[in-house]
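The values are calculated or read from the model by the stated rules, or taken from the named source; none is laboratory data. Since we're looking at a predicted model, the values are computed, not measured. Here the Cβ is made from the backbone with ideal geometry for all residues, glycine too, and neighbour counts use every protein chain on show.
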Amino acid sequence: MIAPASRPRSAPRVPRRLSCALLVASAVLAGCASGPRPASPESPPAAAPAPLAQSGTAASATANLASASGTLVSGRLILRPDAGGVRVRGEIGGLVRNGTHNLRVHARGDCSAVDAASAGPEFDPQRGATASLPDTGDRGRIVADSRGVATVDLLLPGAVLGGGAGNDIAGRALLVIGATPGAISARVACGVIRADPVRNDANPPGTTAPVAPAATP
């Protein structure tokens, strides 16, 4: 004799009051989740660029160039204010013989990286900002002789030395751009532009300040 199939038990009913309470709680939670979020704090505005200056506070500066990118390029450059900018003079050795190179100002006075990438992008003193200038090969052009030495005499237009103006290049870097076996436009030397100490004209070099006579007892 076959037993009759048992009917599936129905799920227990939720009390009406409890069901209403659950619906109200769900609505409240949904309202909180979709409510307006608190405003995030505004980021501080970017600092305005420093204004450009007609002249700086330093009478001269020095840049000692050290090799980069595995080259042997080095040199010493003297910078002085000149009409319309800053004049750079000196010698750079270890260059490709009879080769053309470029001397450029870069934004950061940091030559710590082996490829001088730490000096950052090129800096344009005439604008007081970094810039992607067209590379025609004429800007900062220097040519090495048969010994691989270049005599430098260049004007950096719009630049000043010292004072912190937007076109101040003291504390930035001078880079030599040239060719290496692995790159055409490599950074082959780097040197930080360091303003020379202000000299007291009342006491020229090699002299000492006068000593006051001792008081007579």
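Per this entry, L72 is not counted among residues that are surrounded by 16 or more Cβ atoms within 10 Å (Cβ to Cβ) and aliphatic (A, V, I, L, M).
Does G178 satisfy the criteria of being under 18 Å from N64 (Cα atoms), out of contact with any Pro (no Cβ under 8 Å at 6 or more places or on another chain) and modelled with pLDDT under 95? Judged against the criteria, G178 is a match.
When N167 is tested against (1) modelled with pLDDT of 95 or more; (2) within 20 Å of S74 (Cα to Cα), only condition (2) is not met. Please verify whether D110 is in contact with a helix residue (DSSP H, G or I) (Cβ under 6 Å, 6 or more places away or on another chain) and either crowded, with 16+ Cβ neighbours inside 10 Å or among the polar types (S, T, N, Q) (or both), treating the condition exactly as stated. Answer is yes for this residue.
Here's the yes/no breakdown for (1) among the aromatic types (F, W, Y); (2) surrounded by fewer than 17 Cβ atoms within 10 Å (Cβ to Cβ); (3) closer than 23 Å to T180 by Cβ:
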residue	(1), (2), (3)
P49	no, yes, no
S55	no, yes, no
A68	no, no, yes
I92	no, no, yes
G99	no, yes, yes
V114	no, yes, yes
E122	no, no, yes
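Could you tell me whether G191 is of a type outside the set (A, V, I, L, M), surrounded by fewer than 20 Cβ atoms within 10 Å (Cβ to Cβ) and under 24 Å from A129 (Cβ atoms)?
So G191 fails the test.
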